[in-house]
Amino acid sequence: MKEVMAVIRMDKVNPTKKALLEVGIPGFSAISVMGRGKLVNDPSVITERKKTILALGRSTDDKVAEKMVVEFLDGTRLFPRRLFTVLVRDEEVARTVDAIIRVNRTENKVGDGKIFILPFDEAIRIRTGDTGNSAL
Amino acid sequence: MLMVRAFVRPEKKDVILGSLSEAGFHAATVIDVVGRGKQQGIKIGELIYDEIPKSLILVGIEEDARDQVVDIIIKNSKTGEFGAFGDGKIFITKLEEVYTVSSGKTGL
């Protein structure tokens, strides 16, 4: 049994739910978290996104706004993400990971999230007392 | 690889994240949680507060960085020189695989 923890974009929650259902994994838990990834050292990666986000504001030459947007994009400050926790059988790990990666990948190069896979020892269904794989 | 889960005081969160970043462990996930520890919460007269707010910091690390990361978290989350009840706990579990969604690559 494996615990798949996926940190994904807030707007990808519904596609992820749908994709998991399609590969036969209906159960999951999700919570809102704040997080950051590796620092983006290459400014050219975020140039396009910076322009798009700054264009949403009223003025484009605002230094404070620009600093905030850059910090948000290069990962200096924490930003909101959704943490999905899915408990799966060993043989389901590969297709769960594939499904999550397929729907969460974007054109933005960075910030699409990470997937962690951890082992766990026992699962118990409270209603019946079932243990192991049949409880998942 | 290891997954470090540190329950710390919310007011120490920024200092810990700052020091981790300086040491090269920039990536982290932070969750606001409530809980109680061995002291069964805080008792003030008849009142018991057993849902004490804490921050849960999740960091994925390589196994050889374990001592360094634990040191950094302990050093920065301690209250005063000797620490105090409620400074938190650190749990470490095995982490088998890591995928980056944007590139599909494995590893931290």
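In this structure, is A:Glu48 farther than 27 Å from B:Gly60 by Cβ, surrounded by fewer than 16 Cβ atoms within 10 Å (Cβ to Cβ) and more than 17 Å from the chain's Cα centre (by Cα)?
yes
Being assigned to a loop (DSSP other than H, G, I, E, B), open to solvent by 60 Å² or more (accessible area, probe 1.4 Å), out of contact with any strand residue (DSSP E or B) (no Cβ under 6 Å at 6 or more places or on another chain) and not β-branched (Val, Ile, Thr) narrows it down to one of A:Lys109, A:Lys67, so name that one.
Values: A:Lys67 fails: assigned to a loop (DSSP other than H, G, I, E, B).
The conditions single out A:Lys109.
From the list A:Lys12, A:Lys18, pick out the single residue that is charged (D, E, K, R) and surrounded by 13 or more Cβ atoms within 10 Å (Cβ to Cβ). Before the answer, list the steps.
Details: A:Lys18 fails: surrounded by 13 or more Cβ atoms within 10 Å (Cβ to Cβ).
After ruling out the rest, the residue left standing is A:Lys12.
Among the residues examined, B:Asp14 does not qualify as open to solvent by 90 Å² or more (accessible area, probe 1.4 Å), within 14 Å of chain A (Cβ to nearest Cβ) and outside any helix (DSSP H, G or I). Exactly one residue out of B:Ser55, B:Ser102 is closer than 30 Å to A:Asn108 by Cα and assigned to a loop (DSSP other than H, G, I, E, B): that is B:Ser102. Residue check: B:Ala65 meets all listed conditions (1) over 13 Å from the mean Cα position of the chain (by Cα); (2) free of Cβ contacts under 8 Å to residues at least 40 places away in the same chain but one, namely (2).
Going by the conditions given, is B:Ile92 more than 22 Å from A:Met1 (Cα to Cα), within 14 Å of chain A (Cβ to nearest Cβ) and in contact (Cβ under 8 Å) with a residue 40 or more places away in the chain? Considered against the rule, which asks whether it is more than 22 Å from A:Met1 (Cα to Cα), within 14 Å of chain A (Cβ to nearest Cβ) and in contact (Cβ under 8 Å) with a residue 40 or more places away in the chain, B:Ile92 comes out as no. Considering the conditions (1) of a type in the set (Ser, Thr, Tyr); (2) touching a helix residue (DSSP H, G or I) at 6+ places or on another chain (Cβ under 9 Å); (3) open to solvent by less than 40 Å² (accessible area, probe 1.4 Å), B:Thr29 is excluded by exactly one of them, (2). Within the range A:70-100, the set of residues being open to solvent by 50 Å² or more (accessible area, probe 1.4 Å) and either facing another protein chain (nearest Cβ under 8 Å) or in a helix (DSSP H, G or I) (or both) comprises A:Phe72, A:Asp90, A:Glu91, A:Ala94, A:Arg95, A:Asp98.
Residues in the range A:101-121 that are more than 7 Å from chain B (Cβ to nearest Cβ) and in contact with a helix residue (DSSP H, G or I) (Cβ under 7 Å, 6 or more places away or on another chain) were compared, and the one that is nearest to A:Ile46 (Cα to Cα) is A:Asn108.
The values are calculated or read from the model by the stated rules, or taken from the named source; none is laboratory data. What you see is a predicted model, and the numbers here were worked out from it, not measured in a lab. Quick reminder, even Gly has a Cβ in these numbers, built from the backbone with ideal geometry, and neighbours come from all protein chains shown. Ligands, DNA and RNA are excluded from the accessible area calculation, which covers all protein heavy atoms including side chains. Shrake-Rupley method; radii C 1.70, N 1.55, O 1.52, S 1.80 Å.
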